[in-house]
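Notes follow once the structure below has been shown.
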Amino acid sequence: MKLFELFTSPRKASHEVHPNYKTTLRAYDILRRVLVEELTKTDDILKGELELEADEVYFGGKRKGKHRRGAGGKSIVYGILERGGRVSVSIFQDVSAKSLMTETVKRVKRGSIVYTDKWRGYDSLMFCGYKHLNIDHRYKFKQVKVFINGIEGFWSFAKQRLLKYHGVDAQKFLLYLKELEFRYNHRD
């Protein structure tokens with residue numbers, strides 16, 4: 001458990017503690033499942049009147065062909081970050097306004113201020129009872145209090161940590177993602 005906490009890879013942990021690599025990998029998966037279970041218990045972490053940042057990002061897939069929104073074989077992850085607080089992430093099938101609104105309404109108290117980028121899927125936030133402010137990244141990345149640098153910092157944190165695995169099985173991606181959510185939320 002200590003090696004998992006220290007973010008030691010399963011291969012290195014198996015060399016240090018001397019169990020079989022598959023046994024170590026199974027133990028890491030069990031720990032990740034426990035973290036997912038804990039995170040589902042605290043599902044209402046973003047229910048206060050807050051300032052939040054929301055954004056979506058794409059993980060995985062091959063580098064050939066299209067990139068970003070049009071790329072095939074990528075997992076779409078939607079995240080909501082309390083400014084100065086916790087993050088909550090979910091895997092999506094698409095970034096339609098309906099999907100984004102469903103998840104936001106489920107996690108965020110109405111009346112909160114939600115900062116996003118200019119993606120048109122967020123336009124209906126103000127009709128759902130939120131104060132919605134957005135920033136156009138083609139021109140600026142910050143305008144006084146209107147920015148989403150916090151959630152983009154989490155994406156950087158997550159992608160940097162996932163790089164060391166040289167690819168994650170699509171069926172276990174949620175476990176790894178929730179582990180990173182837990183680590184970020186308990187970084188202090």
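Things to note:
- Just one of (1) in contact (Cβ under 8 Å) with a residue 12 or more places away in the chain; (2) out of contact with any Ser or Thr (no Cβ under 9 Å at 6 or more places or on another chain) fails for residue 101. It is (2).
For (1) closer than 30 Å to residue 105 by Cα; (2) hydrophobic (A, V, I, L, M, F, W, C); (3) exposed (fewer than 14 other Cβ atoms within 10 Å of the Cβ), each residue gets a yes or a no:
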{"site": "2", "(1), (2), (3)": "no, no, yes"}
{"site": "13", "(1), (2), (3)": "no, yes, no"}
{"site": "18", "(1), (2), (3)": "no, no, yes"}
{"site": "21", "(1), (2), (3)": "no, no, yes"}
{"site": "30", "(1), (2), (3)": "no, yes, yes"}
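- The set of residues in the range 21-44 being modelled with pLDDT of 85 or more and either at positive phi or touching a helix residue (DSSP H, G or I) at 6+ places or on another chain (Cβ under 7 Å) (or both) consists of 21, 24, 25, 28, 29, 31, 32, 33, 35, 36.
- Residue pairs meeting the criteria (Cβ under 8 Å; at least 6 apart or on separate chains; first at pLDDT below 80, in the range 144-171; second of a type in the set (S, T, N, Q)): 165/9
- Qualifying positions in the range 143-188 - within 15 Å of residue 77 (Cβ to Cβ), of a type in the set (Lys, Arg) and surrounded by fewer than 18 Cβ atoms within 10 Å (Cβ to Cβ): 159, 161, 172
- Restricting attention to the range 45-73, the residues being in a loop (DSSP other than H, G, I, E, B), over 16 Å from the mean Cα position of the chain (by Cα) and either at pLDDT 80 or above or surrounded by 11 or more Cβ atoms within 10 Å (Cβ to Cβ) (or both) number 7.
- Enumeration of residues in the range 94-121 that are under 19 Å from residue 84 (Cα atoms) and within 18 Å of the chain's Cα centre (by Cα): 104, 107, 108, 114, 115, 116, 117
The values are calculated or read from the model by the stated rules, or taken from the named source; none is laboratory data. Given the structure is predicted, the values throughout are model-derived calculations rather than measurements. When we count neighbours, we look across all protein chains shown, and the Cβ atoms used for this are built from the backbone with ideal geometry, even at glycine.
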